[in-house]
Structures are given as structure tokens and as C-alpha cells.
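What follows is a set of notes on a single structure, which appears directly below.
The values are calculated or read from the model by the stated rules, or taken from the named source; none is laboratory data. If you're wondering where the values come from, they're calculated on a predicted model, not measured in any experiment. Here the Cβ positions follow ideal geometry from the backbone for every residue, glycine too, while neighbour counts run over all protein chains shown. Keep in mind that these areas ignore ligands, DNA and RNA; they rest on the heavy atoms of the full protein, side chains included. Shrake-Rupley method; radii C 1.70, N 1.55, O 1.52, S 1.80 Å.
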Amino acid sequence: MVETINPTDSKESLELLIEEASLKGADRLSRYPKHRFFGYFCSYFPEELIIAAGLHPLRLLPDSENSTPVELPAYCCSLAKGTLDMEVREKWRDLVGIGFTHTCDTMQCLSGIWAAIGQSKTVDIVPPVMLKAPGASRYYHAELHTLLSKLTDLTKQEIKAEAIRNALILCANTRKLAAELDVLRPNLPSPLIFSLLRAGQLMPRSEYTHALVNSFPALKEMAEEPHDKAKVLVSSAVLENDSLFEMIEELGGRVVADDTCTGFRHFSGVTVSGSEDPLLDIVRRYSEMPPCPCKNRSLNERISYLTTLAKQRHAQGAIIIVRKYCEPHAWDAATLSESLRKNGIRTLTLELEGANAGGQERTRLQAFLESLLGYEL
């Protein structure tokens, strides 16, 4: 970065990002009155097309873990229950629409219920599960064409190829900055890193990119070697607050590698551009990003990726978080844990109702982190 940034501006930008992460988009109307937002749930919903349509992507996160709308059974994850409850309470009434990605049965059913009882218009996309299966790219491309048509109907304006290319460039720049932030991760408090990454899924992307660039001088000034920290990898689905990471830091740990939907996985993967058809670039990006338990390219690729990531970051252990009633991550956890252990990476699996870690989780985390520190000594 050749531009000189005033230290005061850098700290103010950092504070802005932290505040945006804590608000989870609640003050979007007062902060960005001229912007129109489009809600989405999953990192596989292509942000590029939302931006190309003149809208701003907003990841929907629950403001409560304890709500259970009558439309959903109790055995649904707190993400589904909490966000539908907010729709019933008209917290999303200003959104132009809401995008659903078919990743699990709960999300598929939630989309139908939302369309039936909600105020917001819904848009669905069904990406291929086997991303490298014969015909998967062709099918994915057709799905994007359908999504493009739905967004055009929603906004009542044509979405041109040039707008998609510009959105690809903006998203590529954002992802490069997130990668720079990920490099600093071992030397900065884990809750801070996760807050900054979460803010990038809640703010208008241009404003986020500008603030993150400005914040780097302050971040680099804060960075220090975590000599006495137990280095861990964390794998999870959505984590809407920093409770877990605050607890890890407090108990002597440091997250050096992140595989979470609301963390770096959202930004990971190479963004390509230059095709005559920009939709092909989008297909390639979302097909090449590290897969979550809901998607795969080959039987053992996710396990291989996380094992390699843990070793590259010198992680002493891995913490696998399973949100209660999240079947894809629950199925993935046993195989992942076994594989990591076989590769010499000690593993702890925790089930959380929501994103908040409580007393039981604290006890188990403390014992695990102490064992890592003792193991190294």
C-alpha cells in the first residue's frame, strides 16, 4: 500500500469495522440510507450477482438464540429459528429480497416457509453438491442464468455483463484484503480477526474495502508474537458473534487457522476474471473455494485441505464446532476429527446451541488448551 494513512484515521476505520460486526446489520438504514440491501444465508450464494444488480449483500444473522417460531419444529438449528423469528418481527422488511442456497434440508424447508409467511421476496439457488461431477459446471452455469433472471425481475432492471465484471473485480479486491488479514491472524487477538471478517459480510463491500485498507496500519501496530498461546484451527458453520473466540483467547489459545462460514472460508478461493462470459468466472470461483460439509469435489478433499492447513499454520490442535441440529457438520465432524488425529493434530469437538459458549464449553476448552500447552512443553 503506497498511500500514507493517518494513524487516527486507521484507528477510526478499525473501530468502525468492529462496531459493524457487533451490530450485524441492525443499523443499516441509518448508516447507509441510500443503499438497498439483499439478504443471504450462505457463502455459496454469489455475491457478485447481488452487487451487479445494484444491491448490497447482507448475511442474515440471528439476534437471539432462544426464539422458536411456531412455523418451525424445535429440532431446527438456531440460525434458522432465529432468522425466521426476525422475519416474523419484520426486522428484514426493508430488504429487496432474500437469497436461499440449498445446502441442507432445513434451509430448503426454511425457504418455502419464508416464502409462504414472510414479507420479503425469496430467491433460491441450488448449486451442485458434487462440484467436480460430470456436467456440474454446465449445470451450475444454468443455475446462475436462472438466478440472474430472478434478480432482474426483482430489481426491474437489466443486469449487464459489464456490471458483473465490475462486481467480480470488487469481490476479488475484498478477498485479497481478507487474505492479507488472514496472514496477520497468528499475531492478533482471535475475536478481532473474526469481527473484521464478519463485518465484510454485513457492510456494503466498497465501504468495507475502504475501511479495511485504512485499518491495516493500526492492525500491524497491534500485532505481536503469541509466544505463550496454544495454536488451534477452528472449523464450524455460522458463528454470529465472538463469544467462542473470546473464550479461547482468555484460556490461552490463539486461532491460527479458520474454516468457518462467517470467517475466512467465506473469502477464500481464487477469484478469476477475463472470460467472455463472466458467469463462467463465477462458476469457477465458487467451484474452487474450499468446500464446506455441504459441498465436495472428491471424497477426501475437505479432510486433506484442513489437515494441510493445520500443518501449514503449525496448529497444535483443532476445535470442531457443531451447531446443534446441524446435520451436515455433525456428519462431517467424526471423520474430520479421526483424520486430524491420525495426522498428529489433537482434536476437540464441541456442540453449541447457538454461537455462545457457556460453562461446560469453558471447562472442556480449558482442559484441551492446557493439554496442548503441556504437550508442547
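Data table
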{"item": "Qualifying residue in region 300-319 (condition: out of contact with any Pro (no Cβ under 7 Å at 6 or more places or on another chain), buried (at least 18 other Cβ atoms within 10 Å of the Cβ) and closer than 30 Å to PRO73 by Cα)", "result": "yes"}
{"item": "Members of region 91-102 found to be under 19 Å from the mean Cα position of the chain (by Cα) and open to solvent by less than 30 Å² (accessible area, probe 1.4 Å), listed by number", "result": "ILE98, GLY99, PHE100, THR101"}
{"item": "Looking only at region 203-260, and only at residues there that are among the small types (Gly, Ala, Ser) and surrounded by fewer than 21 Cβ atoms within 10 Å (Cβ to Cβ), the one that is farthest from ALA167 (Cα to Cα)", "result": "GLY252"}
{"item": "Region 48-61 - residue that is open to solvent by 10 Å² or more (accessible area, probe 1.4 Å) and not in a strand (DSSP E or B) and, of those, farthest from VAL129 (Cα to Cα)", "result": "GLY54"}
{"item": "Filtered residues of region 347-377 (kept if open to solvent by 70 Å² or more (accessible area, probe 1.4 Å), without any contact (Cβ under 8 Å) to a residue 60 or more places away in the chain and either assigned to a strand (DSSP E or B) or not hydroxyl-bearing (Ser, Thr, Tyr) (or both))", "result": "GLU351, GLN360, ARG364, LEU377"}
{"item": "Options THR262, THR271; residue that is closer than 19 Å to THR174 by Cβ, among the polar types (S, T, N, Q) and modelled with pLDDT under 90", "result": "THR271"}
{"item": "Any hit, region 261-278, residues being within 28 Å of THR146 (Cα to Cα), aliphatic (A, V, I, L, M) and surrounded by fewer than 20 Cβ atoms within 10 Å (Cβ to Cβ)", "result": "yes"}
